[in-house]
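The values are calculated or read from the model by the stated rules, or taken from the named source; none is laboratory data. Being a predicted model, the structure only gives us computed values, none of them experimental. Counting neighbours? That spans all protein chains shown, and the Cβs are built from the backbone with ideal geometry, glycine included. Each accessible area value is taken on the protein alone, full model and side chains, heavy atoms only, with ligands, DNA and RNA left out. Shrake-Rupley method; radii C 1.70, N 1.55, O 1.52, S 1.80 Å.
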Amino acid sequence: MRLILKHVSSGYIEEVLKDISFEAEAGDFIGIIGPNGSGKTTLLRTIAKILMPKRGVIYVDGKNVAEMSVRELAKIIAVVPQNFQTNFDFKVEDVVLMGRTPHLGRFELESERDFEITLKAMRTVGCESLIGRSIGELSGGELQKVIIARALAQEPKILLLDEPTAHLDINHQIEIMNLLRKLADSGVLVIAVIHDVNLALQFCSKLILMKDGKIVAIGKPEEVVEAIRDVFDIDVIVRKNPITGKFYVLPVKLEKVGNSKIHIICGGGSGAKLMLKLERGSVGVLNILDTDWEVANSLGFEIISEAPFSPISDEAHERNLKLIEKAETVILADIPFGYGNLKNLEAALYASDLGKLIVIDRTPIEKRDFTNGRAKELYCRLKGKFVKNEDEAISSL
Ligand code: ADP
C-alpha cells in the first residue's frame, strides 16, 4: 500500500493547503502536527476525499483517488472523525458493524463473516467487553475505542484519525497510541492528527509538521524535532529521554526578563516558575534529581549541585557563595528548611548582607522551619525586598 500526494492544493472557499507533496506506505504511523489552523484536519479530509483537491493528484496504490468511487475508496480508507455524534442510541456492536457497510451489496445483509470481522475488530481494540452497552453511556475513552473498532471493521489499508486522543486522560492516550502503533506494525498505514507534540514524538514513526497550509518538515521524529522550535509560537526546548532514547519538547512560554544576572536559591519545584520566566541565570545549591535541578538542567541554568538526598557540603556552599557574589540579584524562593539545606539560608543571608536579596515570603517561616527554630532565627535576620509571589519578584527586577 502506497499513498502519494503530488502538489495537492485544497481548502474551502479559501485555499488552505498549498502544494502538498509526500509519500507514505504500509507500516508507517504518521503524526500530523502543527499549530491550530495550520491545515491538519484539512489535509486529513483531503486524503479521505471529503474535500476534493483544487490542484494536484492523490494516488492510492497507483490509482488516482479522484477516479475512484466512494464505495471503492471506503474499502481502502477508514476515517475516525474528531467528534462522533449520533441521534440514535445504538448498541456498541451495531456501531462497529456499520464499518462493514462498504463491503455489502446494496440490499445485502451482513453475513457470518461480517460478524466475525466485527468481533475481531473489537478484540483488536479491546472493547469486546462493551458488547450490549449503549454508546450513549460510554466514557470518552470507551467511545473512542468503539469508533476505532468500527473503522477497523472496514478492513482499511489506510486509517485516518483526527485527534484520536483529544479529551482522553493520559492512560487512555497512551493506550490508543500503542494500539495505533500496533496497527501500523501489522501493515496498516496509520495517519493521525495529533495535538500533543510529545505524544506524537513518542509513538509515531514519522511526523508531518505543518504551518500555514504547508509542510514545513517531514521525517522521523529526530529529523523534524528541531523544526518544531521554529513552527510553534512558543519557545520549546528539545531534549532526549535518556531511558527511552525518544525526544520530547519542553515548552518555555512566558516573557523573558532582560540580561540581569540572577541567582535563585530554591528546591523541590519552588524555583521552576522563576526559572521559566528568566532568560538565564544560576541556581544553587540543589540536590541532583530535585525537581528544580531537573528544570534548571533542561533550561541550561548554571547549577551548583549536591549529590541526591545529601546535605549541602561546605564545598558546594562555597561555590554557591561565589555565584552569589557574581549575581546582580539573588532570589530566595518559598522553600522549607531542614538541616540538610540550612546552608542555603546562610547563603541568602550572605546575599542580604551584599544588598541584593529578594525574598519570596508566601508561607510563614514558622510553617517551613524544620530545624527547631534555627531557620527562623536566620530568616529574621534577612534584609532585602520581601514579596508575596514569583510575579512580584520578577516585576521588581
Ligand atoms: P488545523 O486542523 O490545523 O487546526 P484546519 O485544517 O482545521 O486546521 O483549518 C485550516 C484553515 O481552514 C483555518 O484557517 C480554518 O479556519 C479553515 N477552515 C477549516 N474548516 C473550514 C470550513 N469548513 N470552511 C471554511 N474554512 C475552514
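Given q = 0.13, 0.15, 0.20 Å⁻¹, what are the Debye log10 I(q)/I(0) values for the stretch 30-145, with equal point scatterers placed on the Cα positions and solvent ignored?
-0.68, -0.88, -1.23
For the stretch 267-324, what is the Kirkwood estimate of the hydrodynamic radius, computed as the reciprocal of the mean inverse distance between distinct Cα atoms, to one decimal in Å? Don't skip to the end; give the middle numbers.
Details: mean 1/r = 0.0891 Å⁻¹.
Every distinct Cα pair counted, the radius reaches 11.2 Å.
Taking Rh as the Kirkwood radius computed over C-alpha pairs, what is the Stokes-Einstein D of the stretch 262-395 at 10 °C in a medium of viscosity 1.306 mPa s, expressed in µm² per second? The partial results should precede the final answer.
On the way: Rh = 14.3 Å.
Rounded to a whole number, D works out at 111 µm²/s.
Per residue, how much accessible area does the chain have with a 1.4 Å probe, in Å²? Walk me through the numbers on the way to the answer.
Details: 19090 Å² over 397 residues.
Computed with neighbouring chains in place, this is 48 Å² per residue.
Exceeding 18 Å between C-alpha atoms, which entries from my cross-link table qualify? They are LYS63/LYS214; LYS356/LYS385; LYS240/LYS273.
LYS63/LYS214; LYS240/LYS273
At a temperature of 25 °C and a viscosity of 0.890 mPa s, determine how fast the stretch 168-229 diffuses translationally according to Stokes-Einstein, using the Kirkwood radius over alpha-carbon pairs as Rh; express D in µm²/s, rounded to the nearest whole number.
Details: Rh = 12.4 Å.
This corresponds to a translational diffusion coefficient of 198 µm²/s.
On the full set of protein chains, 1.4 Å probe, figure out the accessible area of GLU279 and give it in Å² to the nearest 10.
About 100 Å², rounded to the nearest 10.
So what is the orientation-averaged projected area of the stretch 88-198, using the convex hull of its C-alpha atoms, in nm²? Could the numbers behind the result be given before it?
Details: hull surface 29.5 nm².
Over every viewing direction, the Cα hull of the stretch 88-198 projects on average to 7.4 nm².
Strictly greater than 34 Å: what percent of every Cα pair in the stretch 2-250 meets that? All intermediate terms of the calculation are to be shown ahead of the outcome.
Details: 5091 of 30876 pairs.
When every Cα pair of the stretch 2-250 is considered, 16 percent fall beyond 34 Å.
Kirkwood hydrodynamic radius for the stretch 342-397: how many Å is it when counted over pairs of different Cα atoms?
11.7 Å
How far is the Cα center of the stretch 24-47 from the Cα center of the stretch 157-201, in Å?
Answer, in whole Å: 12.
Straight-line reach from LYS120: which lysines have Cα under 20 Å away, leaving out those fewer than 8 places along the same chain?
LYS75, LYS91, LYS145, LYS157, LYS182
Restricting to DSSP loop positions (anything but H, G, I, E, B) with no more than 16 other Cβ atoms inside 10 Å of their own Cβ, which trypsin sites (Lys or Arg not before Pro) remain in the stretch 127-221? Intermediate values should be presented prior to the final figure.
Values: sites: ARG133, LYS145, ARG150, LYS157, ARG181, LYS182, LYS206, LYS211, LYS214; in loops: ARG133, LYS157.
Those satisfying the criteria are ARG133.
List the aspartates and glutamates whose Cα lies under 18 Å from the Cα of LYS54, skipping any in the same chain that are fewer than 8 positions away.
Here the aspartates and glutamates satisfying the reach criterion relative to LYS54 are GLU14, GLU15, ASP19, GLU67, ASP212.
I'd like the carbon and sulfur percentage of the solvent accessible area for the chain, probe radius 1.4 Å, heavy atoms only, ligands and nucleic acids excluded. Could the numbers behind the result be given before it?
Numbers: 9740 of 19090 Å².
Solvent-exposed carbon and sulfur of the chain make up 51 percent of the total.
Treating only the Cβ of Lys, Arg, Asp and Glu as charged (+1, +1, -1, -1), what charge dipole size does the stretch 43-187 show about its Cα centre? Round to the nearest 20 debye. Display every interim value, and only then the final one.
Working: 19 positive and 20 negative charges, 126 e Å.
Here the size comes out at about 600 debye.
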